[in-house]
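The values are calculated or read from the model by the stated rules, or taken from the named source; none is laboratory data. These numbers were taken from a predicted model, which means no experiment stands behind them. Neighbour counts are summed over all protein chains in view; Cβ atoms, including those assigned to glycine, are modelled from backbone coordinates with ideal geometry. These area figures cover heavy atoms from the full protein model, side chains too; ligands, DNA and RNA do not enter into them. Shrake-Rupley method; radii C 1.70, N 1.55, O 1.52, S 1.80 Å.
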Amino acid sequence: TTKAALANAQSQLAAETTVISGTQVVTVDAVRDTPTGLTVHSGEVLIFNASGTWCWGGGTDCSDANGTPGRPGGPGELPVDLDGARFGELVGHVSNWMFPIGSNAQVTMVADGSLSLLMNDRVGRRSDNRGSIVVTIKPAN
């Protein structure tokens with residue numbers, strides 16, 4: 001029946017959806033993308049707050065989640081994960097969409113999918129990074 005089919009579809013949708021019902025705390029490793037365990041949907045507004053220090057380039061350059069002003073500094077430091085963001089800046093990733101976060105941000109999601117967080121660095125050059133940033137994520141409403 002139509003009623004049974006609708007109930008089945010609603011049940012399947014609920015099983016695929018992570019509802020953000022509070023605050024999520026995630027430790028983001030400087031070496032890799034860090035899954036948050038959250039599934040987000042276009043139009044949701046999330047608040048991010050980050051603290052800590054991480055380093056790249058063998059540990060000689062360090063920053064908080066806002067990254068380092070003036071870096072990347074030229075063609076030799078490109079490409080980076082998110083063009084226009086600083087080295088060391090906290091970045092979010094959902095599906096094919098990447099966005100800057102820094103230490104504090106309120107971001108409206110424009111894609112559906114699993115949310116992961118990472119340090120903005122040269123593409124493929126994270127193996128020499130160290131440290132982590134602790135990020136608190138909560139819904140804006």
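One decimal place: the segment GLU77-VAL134 gains 17.9 nm when fully extended, by the rule 0.36 nm per residue minus the C-alpha distance. Distance from the C-alpha centroid of the range 98-137 to that of the range 29-89: 5 Å, rounded to the whole angstrom.
So, counting K/R as plus one and D/E as minus one, what does the shell of residues with Cβ under 12 Å around SER63 add up to?
Counting the neighbours of SER63, the net charge comes to -2.
Couplings 3J(HN,Hα) of the range 29-46, computed from phi: 7, 5, 8, 8, 4, 10, x, 8, x, 9, 9, 10, 10, 3, x, 5, 10, 10 Hz, in residue order, whole Hz [Karplus 6.51 cos²θ - 1.76 cosθ + 1.60, θ = phi - 60°; x for Gly and Pro]. Normalised per residue, the accessible area of the range 52-110 is 46 Å², obtained with a 1.4 Å probe and no contribution from ligands, DNA or RNA. Based on Cα contacts under 8 Å between residues 6+ apart, the range 27-141 shows a relative contact order of 45 percent.
Amide H to amide H, with H built 1.01 Å from N, SER42 comes under 5 Å of ALA111, ASP112, counting only residues 5 or more places away or on other chains. Each of VAL107, PRO69, VAL91 was scored by the projection of its Cα onto the charge dipole of the range 66-136, and the greatest displacement toward the positive side belongs to PRO69; charges sit on the C-beta of Lys, Arg, Asp and Glu.
Of the accessible area of the range 49-128, with the probe set at 1.4 angstrom, what percent is carbon plus sulfur? Of all accessible area on the range 49-128, carbon and sulfur atoms account for 46 percent.
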